[in-house]
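Written below as structure tokens is the structure these notes are about.
Rule-based calculations on the coordinates, nothing more; no lab input. No experiment lies behind these values; they were computed from the predicted model shown. Every residue, glycine among them, receives a Cβ derived from its backbone with ideal geometry; neighbour counts consider all protein chains shown.
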Amino acid sequence: MLFRRNGRQKQNVAHLQEDSGPQVVIDVQGVAKTYQMGEIEVNALRGISLQIHRGEFVAIMGPSGSGKSTLMNILGALDQPTSGKYFLDGVDISQAGDHDLAVIRNQKIGFVFQSFNLLKRTTALRQVELPLIYASKAGNRHERARAALESVGLSDRLHHMPNELSGGQQQRVAIARALVTEPAIILADEPTGNLDSKSGTEVLRIFQQLNRERGITTIFVTHDAFIARHTDRVIMLRDGKIVADKRVESPLMAGEVERPSEMAELEEIFRQTYDAPRAEFT
Amino acid sequence: MAAFWESLRLALDGLKANRLRSALTMLGIVIGVTAVIALVSFGQGVQDFISAQFESLGSNLLFVFSSAPSGGRLGDIKLLTMSDAEALTNPLLASSILRAAPQFDVFSLVVSGRNEKTISVSGVTPAYQHVRGWEAQFGRFIDETDILTSARVAVLGTTVVRSLFSDGTDPVGQTIRINTLPFRVIGVMAQQPSSGFADENEVVFVPITTAQTRLGRARQRDGSYQVSFITVQAVSEAGMENAASEIASILADRHDVEYRDEQDFTVLSQSELLSVVGSITGLLTVFLGVIAGISLLVGGIGIMNIMLVTVTERTREIGLRKAVGARHRDILLQFLIESVVLTVVGGLIGIGLGFLASVAGSALIPDLSLRVTGGSVALATTVSTVIGLFFGIYPASRAASLNPIDALRYE
Ligand SMILES: Nc1ncnc2c1ncn2[C@@H]1O[C@H](COP(=O)(O)OP(=O)(O)O)[C@@H](O)[C@H]1O
Ligand SMILES: [Mg+2]
């Protein structure tokens with residue numbers, strides 16, 4: 001059992017669900033983002049509105065350039081929208097100053113990147129301690145970092161440098177770093193994008209367990225439909241707009257369902273394309 | 001506070017990781033601080049040495065020089081003469097004056113056998129040895145008869161003996177030539193404990209009358225004989241001030257000085273002379289200090305340059321730190337601490353080297369006791385901290401103002 005149950009938090013969630021349904025933690029209203037590239041304006045987001053409730057497990061999908069990263073950066077308080085409002089825990093932070101945004105990033109949000117973004121020549125333990133250094137009440141940094149690494153299954157890699165870890169292990173260090181401040185929300189921009197499918201599944205399993213056992217609201221970007229099938233909800237972006245926002249009927253449990261083999265997928269495609277035109281030929 | 005210690009630790013780690021670069025970066029500061037420490041201790045040592053020298057001259061002394069009147073008009077300046085010196089010992093007019101020793105120096109070539117030396121030969125009177133409290137160790141000093149007869153006799157200092165009689169012959173009774181004239185050596189002075197700057201043992205004494213008539217042209221149009229300066233000994237320490245005013249009034253009378261700005265002589269006490277010399281060495285110290293300061297400035301610019309490079313190299317790290325919650329001031333502090341660590345470590349190395357330099361200086365010149373004072377250490381530490389802050393602020397604020405997204409995307 002790698003995960004400790006956070007009893008208090010579960011209780012709170014249960015309590016809220018009883019009287020008014022789960023609380024809205026992220027409320028985005030008509031958010032647009034325009035980048036100025038010299039003469040040209042790039043409309044990365046064109047009016048996004050969405051609400052995410054406490055404890056949701058959400059996948060964001062969409063073709064490359066559709067604005068997924070831009071949206072994630074705004075949700076993560078790393079960037080600010082050109083227009084529109086973003087209520088985080090009921091507070092509009094679309095106009096917040098740099099200092100407030102830094103405090104929000106530190107206390108409310110854990111961000112995981114596609115490229116891990118670990119510090120060079122720094123042990124896993126110190127990587128994970130980093131957010132606590134900038135926290136107002138850090139408590140015992142060592143112990144908390146150690147516990148976070150333990151919860152991602154890296155208690156035997158505390159003193160390893162990034163170049164001594166596999167890609168999957170590096171991403172798990174990054175997740176521990178996002179986790180250590182006990183944020184209510186974890187955001188991950190293509191966290192499995194740089195990983196092989198086995199490490200990807202391991203990372204997914206960690207996200208799923210964090211979500212189920214600690215009630216951490218989790219939003220991540222993926223290109224992989226099979227991975228998206230493990231979430232509660234899939235939001236589809238195209239050209240800076242939401243084109244689909246669907247619930248997943250019965251989310252898969254990471255590692256329990258075998259990824260369909262390439263052969264099986266091919267056969268599926270083959271079967272479909274074969275079926276339809278056959279009638280025409282006859 | 002956690003961020004402060006983290007930054008300090010990070011800065012020291014960075015210093016260790018890039019040893020060569022850090023060393024080169026700190027070089028300017030190291031050189032500057034070494035210069036400050038060494039020069040200050042050198043200046044202090046010279047000042048100490050000079051005051052010790054003046055104290056060893058003898059006690060309760062005043063020095064009288066000819067000087068241009070402050071009112072201008074060099075034309076009718078009267079040089080100090082033998083009769084001026086005699087007048088200063090008139091017990092009726094100068095009750096506070098014990099002795100007056102006139103001196104007339106002539107730069108001359110001194111030859112003995114195959115050895116020769118160009119040196120300032122001092123014409124003196126017997127009063128000299130009493131005023132200076134310095135006597136002949138072998139043979140005798142110049143006496144009244146030598147003065148009256150303008151005798152061609154000489155008394156040598158030990159350094160001169162060593163160079164003219166390098167074969168070890170007893171100089172007393174030997175004949176030497178001063179500006180081709182033969183002089184009989186009648187005595188050798190006791191060794192003066194000094195070396196380094198002005199070797200007091202490098203002297204040749206002859207009767208003042210001999211120097212004035214045979215070595216130099218001291219005779220004035222009115223028939224009196226010029227002297228270079230007069231050393232006056234007051235009767236007591238308490239009588240110094242009275243002696244000075246007696247000298248001034250006697251000479252003013254003799255030189256027809258009606259107003260103070262016509263005064264064509266200067267009276268300096270030992271302590272005044274010391275402060276004149278002190279102001280010169282002080283000026284020298286300031287000058288050297290400016291040079292050291294320029295080197296510190298150059299060092300500071302080097303620090304700024306390297307810090308700018310560091311900020312660029314570590315853009316992604318800065319982005320990540322901001323992404324996990326580092327505020328503007330956290331990043332600012334981190335890079336300021338790095339530059340201050342560079343300059344302070346450089347400063348400490350400089351203090352160490354400056355200390356070694358002054359120890360080496362003391363060993364080379366035994367008469368100079370070079371001390372590194374707490375004051376100069378404090379000064380060097382403060383200055384290097386300030387340089388670190390001053391030249392670190394621009395790179396640090398550049399780092400702190402980076403936008404996290406752009407910084408994370410930086411290749
Ligand atoms: N900093 C930027 N400056 C200019 N254009 C940008 C910037 N960041 C993203 N874009 C543009 O915004 C659009 C959306 O980009 P992004 O959010 O990264 O898409 P995704 O993550 O879905 O691939 C793209 O057309 C991209 O070129
Ligand atoms: Mg992207």
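Positive-end ranking of A:Gly62, A:Val128, A:Thr192 along the dipole of the range A:7-281, with charges on Cβ about the Cα centre, is headed by A:Val128.
Legend: calculated FRET efficiency, A:Arg238 to B:Arg329, from the Cβ-Cβ distance at R0 = 51 Å, rounded to 0.05, equals 0.80. When the charge dipole of chain A is built from unit charges on Cβ atoms (+1 for Lys and Arg, -1 for Asp and Glu) and taken about the Cα centre, the candidate among A:Ser166, A:Leu45, A:Ile104 whose Cα reaches farthest toward its positive end is A:Ile104.
Taking all Cα pairs closer than 8 Å and separated by 6 or more residues, the relative contact order of chain B comes to 29 percent. With all pairs of separate Cα atoms included, the range B:243-402 yields a Kirkwood hydrodynamic radius of 20.4 Å.
Please tell me which of these pairs span more than 30 angstrom C-alpha to C-alpha: A:Lys137/A:Lys246; A:Lys137/A:Lys198; A:Lys120/A:Lys241; A:Lys33/A:Lys246; A:Lys108/A:Lys241; A:Lys85/A:Lys246?
Check vs 30 Å cut-off fails for A:Lys137/A:Lys246; A:Lys137/A:Lys198; A:Lys120/A:Lys241.
Sorted fewest first by neighbouring Cβ atoms within 10 angstrom, A:Lys137, A:Lys33, B:Lys78 come out as A:Lys137, B:Lys78, A:Lys33. Here each label is just a point 7 Å from Cα along the line to Cβ, and for B:Leu308 and B:Ala190 those points are 6.7 nm apart.
Sparsely packed loop sites in the range B:1-60 (the trypsin sites (Lys or Arg not before Pro) outside DSSP H, G, I, E and B with at most 13 other Cβ atoms within 10 Å) do not occur. When we measure straight from the Cα of B:Lys78, which lysines land under 26 angstrom away, once same-chain ones fewer than 8 places off are left out? Within the straight-line limit of under 26 Å, B:Lys78 reaches no lysines at all. Report the Stokes-Einstein translational diffusion coefficient (µm² s⁻¹, integer) for the range A:7-281, Rh taken as the Kirkwood radius over Cα pairs, at 37 °C with viscosity 0.692 mPa s. The diffusion coefficient I find is 164 µm²/s. Label positions at B:Asp170 and A:Asp92, each projected 7 Å from the Cα along the C-beta direction, are separated by 11.4 nm.
With neighbours defined as other Cβ atoms within 10 Å of a residue's Cβ, the residues B:Thr373, B:Thr210 order from fewest to most as B:Thr373, B:Thr210. Would you work out which of B:Ile349, B:Ser236, B:Met189 lies farthest towards the positive end of the dipole of chain B, given +1 charges on the beta-carbon of Lys and Arg and -1 on that of Asp and Glu, about the Cα centre? So the residue furthest toward the plus end is B:Ile349.
The calculated FRET efficiency for A:Ile40 paired with A:Lys85, based on their beta-carbon distance and R0 = 30 Å, is about 0.70.
Helix B:19-56 versus the longest principal axis of chain B: what is the Cα-based angle in degrees, 0 to 90, to the nearest 10? Helix B:19-56 sits roughly 20 degrees off the main axis of chain B.
The trypsin sites (Lys or Arg not before Pro) of the range B:85-123 that DSSP puts in a loop, and whose beta carbon has at most 12 other beta carbons within 10 Å, are B:Arg114. Dimensions of the protein assembly as shown from C-alpha coordinates, computed as largest minus smallest value along each principal axis and given longest first, are 152, 58, 53 Å.
Determine the equivalent ellipsoid of chain B by diagonalising the alpha-carbon gyration tensor, then write out the semi-axes as square roots of 5 times the eigenvalues, largest first, rounded to whole Å.
Equivalent-ellipsoid dimensions as semi-axes: 65, 25, 17 Å.
Charges were assigned to the Cβ only: +1 to each Lys and Arg, -1 to each Asp and Glu. The resulting dipole of chain B about its Cα centre is roughly 1840 debye.
Sparse packing (at most 12 other Cβ atoms within 10 Å of the Cβ) combined with a DSSP loop state is found for the following trypsin sites (Lys or Arg not before Pro) in the range B:185-255: B:Arg217, B:Arg221.
A viscosity of 0.890 mPa s and a temperature of 25 °C, combined with the Kirkwood radius over Cα pairs in Stokes-Einstein, give a translational diffusion coefficient for the range B:130-236 of 163 µm²/s. Ignoring aspartates and glutamates fewer than eight residues from B:Lys117 along the same chain, the ones with Cα atoms less than 12 angstrom from its Cα are B:Glu202. Using all alpha carbons of the range B:68-263, what is the percent of pairwise distances in each 10 Å bin, ordered from the shortest bin to the longest? Calculated over all Cα pairs of the range B:68-263, the distribution is 9, 32, 32, 20, 7, 1 percent. Remark: B:Trp134, B:Trp5 ranked as B:Trp5, B:Trp134, counting other beta-carbon atoms within 10 Å and listing the fewest first. Applying 1/(1 + (r/R0)^6) with R0 = 51 Å to the Cβ-Cβ distance of B:Leu273 and B:Ile294 gives a FRET efficiency near 0.95.
Suppose every Lys and Arg Cβ carries +1 and every Asp and Glu Cβ carries -1, with no other charges. What dipole size does the protein assembly as shown come out with about its Cα centre, to the nearest 20 debye? Don't skip to the answer; put the middle values down first.
Working: 64 positive and 71 negative charges, 380 e Å.
For the protein assembly as shown, the charge dipole is close to 1820 debye.
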